[in-house]
Amino acid sequence: MIETKGLGKIYGRGLYALRDLNLTIDKGEFVFLTGPSGAGKSTLLRLLLLQERPTEGDVIVAGRNLARLTRHEVQAYRRTVGFVFQDFKLITTKTVFENVSFALRVLGMPVEQQRRRTYQVLKWVGLQHRLNSLPEELSGGEQQRVAIARALVNEPHLVLADEPTGNLDPDLSLEIMNLFRDINASGTTVVVATHDRELIKWVGRRVVQLEHGQLAGLPEAPR
Amino acid sequence: MIGYAFEEAWASVRRAGRSAAVSVGTIAIAFVTLGGFLLVSVNVQRVLDRWLESAEVSVYLYDDLSDELRTALELHIRQQEAVAAVEYVSKDRALERFRADFPELLDVTASLGQNPFPAAFEIRLRTGATGDTAVDDLTAGLAGQDGVADVRYDRRWLTRLMGIVSTAQVAAAVIAGVLMLGAAFTVAAVVRLSLHARRDEVDIMQLVGAPFSYIRGPFIVEGLLLGGAGAALALAVIAGVYAAAARWLGPDLAGLAGAGPLQFLGFREGVFMILGGLGVGALAGTVASRSAK
C-alpha cells in the first residue's frame, strides 16, 4: 500500500526532517508511527497527504509515485485518503452533519446519497443525535469523532491520523482508538502518528519508531 | 457546483459587510464615470448625427446665368447619387428670406439699392451620404461647372467637431478604464479578505480533494456579484441624474441642440455596463482566488 524509498525532506538550510527513509506498509495494515517530537512523524504524514513534496526519494502509495502527481492528480489522490488531525480541523460555522457531508458535496455526489451516507457514518461513530450541533457545542471526543466520520465518509483506502488523541483524556483516547481498530477491521489501511506509548501498547499493532527523521534501530527488512 | 458557489459567495458577501459595500461603491464610481460618458456620448452623437444629416450643399450661381444653363445644371445635380432633393432659391427669394430672418436689418438691405444675394441651388443630401466621399466628389464637381460662383458645404466644421468629440470619447474611455482597474483591485482585495477568513475551510476542501473549480468557484462568484452590484448601482445613479437633468434642463438642452428630448442609455449600453461589471468582478475574483490552490 505504502512504500518509501530513500525518502528525505529538508527544511530551510539543510535541516533534515526525514532522511533516507525506507518503509513499507501493507494494504490493510494498522501501523503506529511513534517517536519523540521532531522525529519526523508529522512530516511523513504530510508527505503521504501531499501537503508537502519530498526533497529526496520516492513515496509510492497504491502503486502511484506521489512525487510525480500533477496538481489535479493530487486532488484525485486525496479523495482516496481520509485524514484526522489533533486539532480536528472542523469548519466552525457548519453543523456536524454539514461538516461530514461537505466532503461528499465537494465531490459532486447527489444530495440524497450525501444524506444517506453522512447519516450512516455519523451513526457509526455514535453521533446521530448531534447532527445539527455546531462543533463548539461538542466535547473534544465528539469533535474528533466528527473528524473521523468525515475521514471515512467517502470510503477511503487509507486513513492517516496525526496525534488524533493528543487533545483527549485517556478514556476518550481509548474510545477513538477503538474506532480506528474498527476502521482497520473493515480492510482500510490505518497509519496513526502518536507518542502515547500506553495507547500503542493497548491497541497492540505494528509500531514504526522514528528518531531524527530516520527509522530507529535496524532498517526495515524487505517484505 | 454552481449553486454551491453562489450560496457560499452570497454568504461571504453578507459576512464581508462594510468592505463589500466599499467594493461595490468603488466599482459604482468607475461605472458612473463610464456610464456618464456613455450617456453624454449617446446624446452628443445624436445631435451631431442630426446636424450632419441636415447639412446642406449650397451652390451659388452667377447673376448672368441663363435659364437653359440653370435648368441643365439642376438636372445634372438631380442625377448625382448623393442628392436627395434640390431646391432652387432665386435672388428675390433669398432676399425675402434674409428680411424674414433678420427684420432688424431691413434698413441695410433697403439702402443697398440692389439685391446683393445670389440665386442658389440648395441640395439636401440623402441619408447616410453625409459621411461619404460621394459628397466631396459632388461639391468638387459642381465647383467646376459653368455658371457656378461658389459651392458651400457646412459639414466641414461638423467633421472637425466630431473629431474633437472622438478625442474626448477616447480620453473618457481611458479614464473609465483606469478607474475600473482601481475598482478591480478593490474587488480583488475584498475577495482576498474573504479567502483569508475562510482559510480553514479552503484548507479542508483541499485535503478532501475538492476540485479546484469547487474551491475557487465561490471566490470568483463573489467578485462577479460585487462587480455586477457595482454596475447596477451605477446604472441606478445615472438613471437618477438623467431623470433630474431631463426634468430641469431637458427642454433647454433639447432646444439648444435641436435634436429632441434627451435620451437615456439604450439597452445595448445598459447590457454593456452590467456585463462589464460582472466581467471586471469575475476577473478580479479569479485573480484573487489563485492563491486558493
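The values are calculated or read from the model by the stated rules, or taken from the named source; none is laboratory data. Predicted model only: the values in this text are computed from it and were never measured. All Cβ positions, even for glycine, are placed from backbone atoms using ideal geometry, and neighbour counts span all protein chains on display. Ligands, DNA and RNA are excluded from the accessible area calculation, which covers all protein heavy atoms including side chains. Shrake-Rupley method; radii C 1.70, N 1.55, O 1.52, S 1.80 Å.
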Nearest 500 deg cm²/dmol is fine: what mean residue ellipticity at 222 nm does chain A get from its DSSP H runs of n ≥ 4 alone, each adding -39,500 (n - 2.57), divided by its residue count?
-10500 deg cm²/dmol
Assuming a ≥ b ≥ c are the square roots of the Cα gyration tensor eigenvalues, decide whether region A:68-192 counts as rounded (a/c under 1.5), prolate (otherwise, with a/b larger than b/c) or oblate.
oblate
Return the residues of region A:103-141 for which accessible area with all protein chains present is lower than in the chain on its own by 40 Å² or more; set the probe to 1.4 Å and exclude ligands, DNA and RNA.
A:R105, A:V106
What translational diffusion coefficient, in µm²/s and rounded to a whole number, does the Stokes-Einstein relation yield for region B:5-123 at 20 °C and a viscosity of 1.002 mPa s, taking the hydrodynamic radius as the Kirkwood radius over Cα pairs?
105 µm²/s
Among bridges DSSP assigns within chain A, what percent are antiparallel (round to 5)?
45 percent
Count charges around A:L174 for me, please; just the other residues with Cβ under 11 Å from its Cβ, Lys/Arg as +1, Asp/Glu as -1.
-4
Determine the distance separating the Cα centre of region A:54-85 from the Cα centre of region A:103-139; give it in Å without decimals.
26 Å
From DSSP H assignment alone, runs of 4+ in chain B each adding -39500 (n - 2.57), the sum over residues rounded to the nearest 500 puts [θ] at 222 nm at -24500 deg cm²/dmol
Among B:V24, A:G126, A:V153, whose Cα projects farthest towards the positive end of the dipole of the protein assembly as shown, with charges put on the beta-carbon of Lys, Arg (+1) and Asp, Glu (-1)?
A:G126
Averaging sequence separations of C-alpha pairs under 8 Å and six or more residues apart, then dividing by the length of chain B, give the relative contact order as a whole percent.
32 percent
Given a 1.4 Å probe and no ligands, DNA or RNA in the count, how much accessible surface is buried by A and B, both sides, to the nearest 100 Å²?
1700 Å²
Give the separation of the Cα centroids, region B:164-201 to region B:28-99, in Å.
44 Å
Pull up all non-local amide H partners of A:L21: gap of 5 or more, or a different chain, and H-to-H distance under 5 Å with H placed in the peptide plane.
A:G6, A:L7, A:G8
Karplus-derived 3J(HN,Hα), 6.51/-1.76/1.60, for each residue of region B:22-35, Hz, glycine and proline x
4, 5, 4, x, 5, 5, 4, 4, 4, 7, 5, 4, 5, x
Dimensionless Rg/Rh of region B:48-191 - Kirkwood Rh, Rg from C-alpha atoms:
1.25
The size of the Cβ-based charge dipole (Lys, Arg +1; Asp, Glu -1) of chain B about the Cα centre, to the nearest 20 debye, is 2060 debye
Which positions within region B:196-231 get 50 Å² or more of their accessible surface covered by the other protein chains, compared to the chain by itself, with a 1.4 angstrom probe?
B:E201, B:I204, B:L207, B:V208, B:G209, B:F212, B:Y214
Convert each backbone phi in region B:196-203 into a coupling constant with the Karplus relation 6.51 cos²θ - 1.76 cosθ + 1.60 (shift: θ = phi - 60°), then list the ³J(HN,Hα) values in order as whole Hz, x for Gly and Pro.
5, 5, 10, 4, 4, 4, 5, 4
Using a Förster distance of 56 Å, the FRET efficiency for B:T286-A:Y11 (Cβ separation, nearest 0.05):
0.95
Taking all protein chains as present, what is the carbon and sulfur share of the accessible area of chain A, in % to the nearest whole number, probe 1.4 Å?
48 percent
Roughly speaking, what is the stretch gain from A:R206 to A:L174, that is 0.36 nm per residue apart minus the C-alpha to C-alpha distance, in nm to one decimal?
9.8 nm
Please state the shape class of the protein assembly as shown: rounded when a/c is under 1.5, otherwise prolate if a/b exceeds b/c and oblate if not, all from the C-alpha gyration tensor.
prolate
Using θ = phi - 60° and the Karplus curve 6.51 cos²θ - 1.76 cosθ + 1.60, what whole-Hz ³J(HN,Hα) does each residue of region A:168-175 get, with Gly and Pro shown as x?
10, 6, x, 5, 5, 4, 5, 4
Collect residues whose amide H, placed 1.01 Å from N in the peptide plane, falls under 5 Å from the amide H of A:V207; neighbours closer than 5 in sequence don't count.
A:F32
Hey, got the dipole for the protein assembly as shown? About the Cα centre, +1 on K and R Cβ, -1 on D and E Cβ, debye to the nearest 20?
2840 debye
Would you pull out the residues with amide H under 5 Å of A:V84's amide H, same chain only if 5 or more places away, H placed 1.01 Å from N?
A:L160, A:A161, A:D162
Carbon and sulfur: what percent of region B:61-162's accessible surface (1.4 Å probe)?
50 percent
Pairwise FRET efficiency - B:S19 versus B:Q169, Cβ, R0 = 35 Å, nearest 0.05:
0.55
Relative contact order for chain A: what is it in percent, counting Cα pairs under 8 Å that are at least 6 residues apart?
32 percent
Region A:121-223: relative contact order in percent, alpha carbon pairs under 8 Å with at least 6 residues between:
23 percent
Please give the charge dipole size of region B:1-139, origin at the Cα centre, charges +1 on K and R Cβ atoms and -1 on D and E Cβ atoms. Round to the nearest 20 debye.
1160 debye
With every protein chain kept in place and a 1.4 Å probe, region B:46-128 has an accessible area per residue in Å² of 63 Å²
State in Å² the accessible area per residue of region A:42-98; use a 1.4 Å probe, count heavy atoms of protein chains only, and round to the nearest integer.
43 Å²
Taking a ≥ b ≥ c as the square roots of the eigenvalues of the Cα gyration tensor of region B:32-97, is the shape rounded (a/c under 1.5), prolate (a/b larger than b/c) or oblate?
prolate
Per-q log10 I(q)/I(0), chain A, q = 0.12, 0.16, 0.18 Å⁻¹ (Debye; single scatterer per alpha-carbon; no solvent):
-0.64, -1.12, -1.35
For region A:74-223, the charge dipole (Cβ of Lys, Arg +1; Cβ of Asp, Glu -1; about the Cα centre) points to a positive end, and the Cα of A:F97, A:Q114, A:G140 closest to that extreme belongs to A:Q114
Take the Cβ-Cβ distance between B:D63 and B:A140 as r, set R0 to 22 Å, and report the resulting FRET efficiency rounded to the nearest 0.05.
0.40
